[in-house]
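Shown next, in C-alpha cells, is the structure this report addresses.
The values are calculated or read from the model by the stated rules, or taken from the named source; none is laboratory data. All values derive from a computational prediction rather than experimental measurement. Cβ placement follows ideal geometry from the backbone for every residue including glycine, while neighbour counts extend to all protein chains displayed. These area figures cover heavy atoms from the full protein model, side chains too; ligands, DNA and RNA do not enter into them. Shrake-Rupley method; radii C 1.70, N 1.55, O 1.52, S 1.80 Å.
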Amino acid sequence: MLKIKDLTVQFGGEGGKPVLRAVDGVTLEVGEGQSVGLVGESGCGKSSLANAVVRLVPVAGGQVSFDGNDVTRLSRKELKSFRTRVQMIFQDPLGSLNPRLSVGGCLSEVCRVHNPGIGKAAVDQRVAELLDMVGLESLYANRYPHEFSGGQRQRIGIARALAVSPTLVIADEPVSALDVSVQVQILNLMKDLQKKMNLSYLFIAHDLAVVRYMCERIYVMYLGKVVEESPAAELFVKPAHPYTEALLSAVPDVEKGLKNREVGSDRIVLGGDVPSATERIPGCPFHPRCHKVQEICREKVPPRKEVSEGRFSVCHFS
Amino acid sequence: MWKVLKIQDDCEILGVMSDLLEVKGLKVQFGSSKDPVCAVDGVSFSVPDGSTFALVGESGCGKSVTALSLARLVPEPAGSYAAGSIMFNGENVLEMSNSRLRELRGREIAYVFQDPSTALNPVFRVGAQIMEAIQLHRKDVSARDETIRLMTLVGLPDPAERMKAYPHELSGGMQQRVMIAMALACSPKLLVADEPTTALDVTIQAQILELLSSLQKKLNMSVLLITHNLGLVADVAHTVNVMYAGRIVESGQVRDVLAAPAHPYTRGLLDAVPKLSGIDGSDVRLEGIDGFVPNPAELPPGCKFEPRCKYAQDKCREVEPELECRISNAEYRMEREGLVGSEGGSTTNVQQPTSSNQEEGRLVRCHYPLGGSDA
C-alpha cells in the first residue's frame, strides 16, 4: 500500500550551511491492514520520514508511492484527496490541537473541508459518531482542549485523524507523553479501531515494548538509515544489530529488572548521544557507540545483509 | 488467609535501619480554608540512610506535591500543610525558620526535575548555573574547580568547554546531567528525582538511571525516585510506595511488591507496562486500569480506588480501608519466630533478610488484598 524507496530528506544547505541529512536512503513498506513500527532515538530521522510521507516536508530524493501513485509528484488537488486516505496522529496532543477551537469545532472543520456542501446536521452527527468511536461522550464537543486530560486529548487527536476515514494512519510517538495506565488505554483503542476500520499503521516510537505490542514488522532507524528490519516476533527473541540489542536492553521491564537484581545487570548502556546528522562518520555510522566495535567497522560501511528470510541487518557481524 | 497486624507494634520493628527522612501523617491542602482540596492525605513513609526509595503513581496522585513538601517547596498560602510532620535528620522541616530552610534546600535536600529544558534557565551558561549553588552554600572550595569536578562526575565530556554552553546547545540527556550536577553541588543527603527520565529517550534514560544509582552508592546519599513506570522501580529502587489519590496504597520491598502485588492498583500498574518477553506481544491484550485518577475534590466515600477496581465489593464502597501490615499466615508465623528469636539474642538476625518470603514492612490499603500470583 505504502511503498518508500531510497527516501532522502535533507535540511539546510543554503548559503554554505552544512547539509543535514535527516533521512538517508530509507526503503520501507506498509501493507494493507498491517502495523509497521519505526523505532529509534530522538534525532534519528523517524519523524522527518513521517512528515515527508505526508508531504509536510519536501522530499530530496527517492520515491514514495501510495496505492501505486507517486506521492512526491501530486498536484495540490491530488494532495488533498491523498490526505483523506493518509492521516497523522502527533506526539503532543496539546500542541497539535488548536487551543481556541472547541473539540466539536476542530472535528467539524475536518469534515467540512473534505466534504464541501455537507449540511450542519450531518456534521454534528458525524462529530458525535467520531467522539463515540474514541470513547468520549458527545457532550464534550463544546469543550476546549485545555479542559481535557492528556489521554482524552490524544483520543481527540485520534478522532480528528479518523474523521476522513483514512486507510493509513501515521502515528508519531502517540503515547510517549502519557502515563503507563493511560498509554495502555490508547494503545488498546488504536488496536480496536484498526480491526474495526481495517486501518494500516505506521507506528513511530522509541519504546520497543510499545512497538512489540502494536506491530507485526519493525524497522530500526539510526542516523537517518534503517539498520535492521525484521518481523516483530523474531526481533525480540534475537536482535541482529547491536543497536537493536542496546535499545532492547534499555527498555525498563519489571521482569528483567527483578532478574537483574538477583544476578547483576547485563544491560548495555550506550555511551553518548545520537551524533549530529551533519557529521560524516567514516565506516559504520554506529561504530562510535557500538559495544561490539571492531577495526573493520571504523573503515568500511557495512552492507545490508539478509540474516534470515525477511530479516535484514546492516552490520558486518550479523 | 490474611492476618492483620497493627502497624504500630509489629511492622515498625521490622524496619530497623536508621532513617534519614521520616514523614508522618502528612496532609497538604490547596484552595480556600472553607473548602480545601486535599492533594496529599495522611502520607507516612521513611527513607533509610543510603537507599533508593521509589514513589509510584499516575499523574495527579499527589506524588510531586509530596516530593515538594519535603523541602517545604509547596507554594504557600495557595497550599498549606494541614497536618503531619516531616522529620529530616531529627528536625521537623515544617517548623523550620526561613533561614534554616534556605540552608536545607539545595544543601541537604536537592531536586532533579522532570523536564530539564524548562528547569534550566535559558539565558545563563550551564557552568554559571552549577556554580551558583556552590557559591551560595560552600565557601571552602573554588566554585570553578568544583563545577568542573561535578561535570566530570556526571559524565559530561570536556567540562571546561561545556561550562560555556547555554542549555539549548545541549541535548536532553546532557541537560539532565547538568541538572544532576547542580543537585549534587553540595553533596546533599537526600536527592529527590521527580520523573528524571520521563522526557528522555530509552537509551538516555538507561544512562541517567545508571548514573543515579552509581552516584547513590558512591556518595552514599538517599534517593527518592518519583515515577509512573514500575519498570524503572524494578531496576534501581530498594523500597517502593505506591500512591493513589493522595494516599499510599501499598508499600514494601521492591522485590516483594513487584513479584506479588497485594493492591489491585499496583497490579493494574504492573499489567499496564508493555512486556518485552513472554507470549507474542500482539496476541495478548494488555489489561490496564480503566478510567482515570479522580478529581481530588470529588473523591468517593469508601476506598478511593473502588470505582476503577475490578475486585470491588460492597464494603469497598462504604468503608475506606486503612494502610495495614498484612502478611499471609504461614509467612506471618515465620516472621514471628524470627522476631522472637532475635529478642533474646542479637538484633542482627532481623536485619538480614533470611528468605525471600520475609516481607519487611509490607503495607497495603485494601479490604481484600490480592494473594500474589494465585489470586
Extreme residue, farthest from A:Val226 (Cα to Cα), among residues of region A:27-36 that are open to solvent by 10 Å² or more (accessible area, probe 1.4 Å) and within 14 Å of chain B (Cβ to nearest Cβ):
A:Gly33
How about region B:53-66: which of its residues are hydroxyl-bearing (Ser, Thr, Tyr) and surrounded by 24 or more Cβ atoms within 10 Å (Cβ to Cβ)?
B:Thr66
Might you let me know whether region B:68-78 holds any residue that is at pLDDT 90 or above and either of a type in the set (S, T, N, Q) or farther than 30 Å from B:Leu269 by Cα (or both)?
yes
Within region B:199-217, considering residues that are out of contact with any Gly (no Cβ under 9 Å at 6 or more places or on another chain), more than 18 Å from B:Ala67 (Cα to Cα) and more than 9 Å from chain A (Cβ to nearest Cβ), the one most open to solvent (accessible area, probe 1.4 Å):
B:Ser214
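For every residue, the table says whether it meets (1) over 15 Å from the mean Cα position of the chain (by Cα); (2) surrounded by fewer than 19 Cβ atoms within 10 Å (Cβ to Cβ); (3) in a strand (DSSP E or B).
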| site | (1), (2), (3) |
| --- | --- |
| A:Ala22 | no, no, yes |
| A:Gly25 | yes, yes, yes |
| A:Leu38 | no, no, yes |
| A:Ser47 | no, no, no |
| A:Pro58 | yes, yes, no |
| A:Lys80 | yes, yes, no |
| A:Gly104 | yes, no, no |
| A:Leu107 | yes, no, no |
Any residue that is more than 28 Å from A:Ala277 (Cβ to Cβ) and open to solvent by 10 Å² or more (accessible area, probe 1.4 Å) - is there at least one of those in region A:237-245?
yes
Looking at region A:274-288, which of the residues that are in contact (Cβ under 8 Å) with a residue 12 or more places away in the chain and surrounded by 19 or more Cβ atoms within 10 Å (Cβ to Cβ) is farthest from A:Thr244 (Cα to Cα)?
A:Ala277
Got at least one residue in region B:178-196 being in contact (Cβ under 8 Å) with a residue 12 or more places away in the chain, surrounded by 24 or more Cβ atoms within 10 Å (Cβ to Cβ) and within 12 Å of chain A (Cβ to nearest Cβ)?
no
Among (1) more than 12 Å from chain A (Cβ to nearest Cβ); (2) touching a strand residue (DSSP E or B) at 6+ places or on another chain (Cβ under 6 Å), there is one condition B:Tyr265 misses while meeting the rest; what is its number?
(1)
Among all residue pairs at least 6 apart or on different chains, which show Cβ distances below 9 Å where the first residue, located in region A:174-195, is more than 28 Å from B:Pro196 (Cβ to Cβ) and outside any loop (DSSP other than H, G, I, E, B) and the second is modelled with pLDDT under 85 and not charged (D, E, K, R)?
A:Asn188/B:Leu286; A:Asn188/B:Gly288; A:Lys191/B:Ser282
Which number in (1) among the β-branched types (Val, Ile, Thr); (2) closer than 24 Å to A:Val23 by Cβ; (3) within 11 Å of chain B (Cβ to nearest Cβ) marks the one condition that A:Val237 misses?
(2)
Restricting to region B:62-97, name every residue that is out of contact with any strand residue (DSSP E or B) (no Cβ under 7 Å at 6 or more places or on another chain) and aliphatic (A, V, I, L, M).
B:Leu68, B:Leu73, B:Met96
Tell me whether region B:218-233 contains one or more residues that are away from chain A (no Cβ under 14 Å), touching a strand residue (DSSP E or B) at 6+ places or on another chain (Cβ under 8 Å) and open to solvent by 10 Å² or more (accessible area, probe 1.4 Å).
no
Of the candidates B:Gln135, B:Gln114, the one satisfying the condition of being open to solvent by 30 Å² or more (accessible area, probe 1.4 Å), touching a residue at least 12 places away in the same chain (Cβ under 8 Å) and not small (Gly, Ala, Ser) is B:Gln114
List every residue pair whose Cβ atoms sit under 8 Å apart, with the two residues 6 or more apart in sequence or on different chains, where the first one lies in region A:261-272 and is closer than 12 Å to A:Ala250 by Cα and at the interface with chain B (Cβ under 8 Å from one of its Cβ atoms) and the second, anywhere, is among the hydrophobic types (A, V, I, L, M, F, W, C) and not in a loop (DSSP other than H, G, I, E, B).
A:Arg267/A:Ala250; A:Arg267/B:Ala206; A:Val269/A:Ala246; A:Val269/A:Ala250; A:Val269/B:Ala206; A:Leu270/A:Ala246; A:Leu270/A:Ala250; A:Leu270/B:Ala206
Using the structure shown, decide if A:Gln154 is assigned to a helix (DSSP H, G or I), at pLDDT below 95 and outside the structural domain of A:Val110 (by TED's automatic domain parsing).
no
Which one is surrounded by the most Cβ atoms within 10 Å (Cβ to Cβ) among residues in region A:137-171 that are within 21 Å of A:Arg112 (Cα to Cα) and over 23 Å from the mean Cα position of the chain (by Cα)?
A:Pro145
Scanning region B:278-295 for residues that are open to solvent by 60 Å² or more (accessible area, probe 1.4 Å) and among the hydrophobic types (A, V, I, L, M, F, W, C), the one modelled with the lowest pLDDT turns out to be B:Ile279
Could you check, for region A:217-224, whether at least one of its residues is touching a Leu at 6+ places or on another chain (Cβ under 7 Å), open to solvent by less than 10 Å² (accessible area, probe 1.4 Å), closer than 18 Å to A:Phe90 by Cβ and among the hydrophobic types (A, V, I, L, M, F, W, C)?
no
Report whether or not B:Ser59 is hydroxyl-bearing (Ser, Thr, Tyr) and part of a loop (DSSP other than H, G, I, E, B).
yes
Residue pairs within 8 Å by beta carbon, gap of at least six or interchain, first lying in region A:137-149 and within 14 Å of chain B (Cβ to nearest Cβ), second open to solvent by 70 Å² or more (accessible area, probe 1.4 Å) and aromatic (Phe, Trp, Tyr), listed first then second, are A:Ser149/B:Phe292
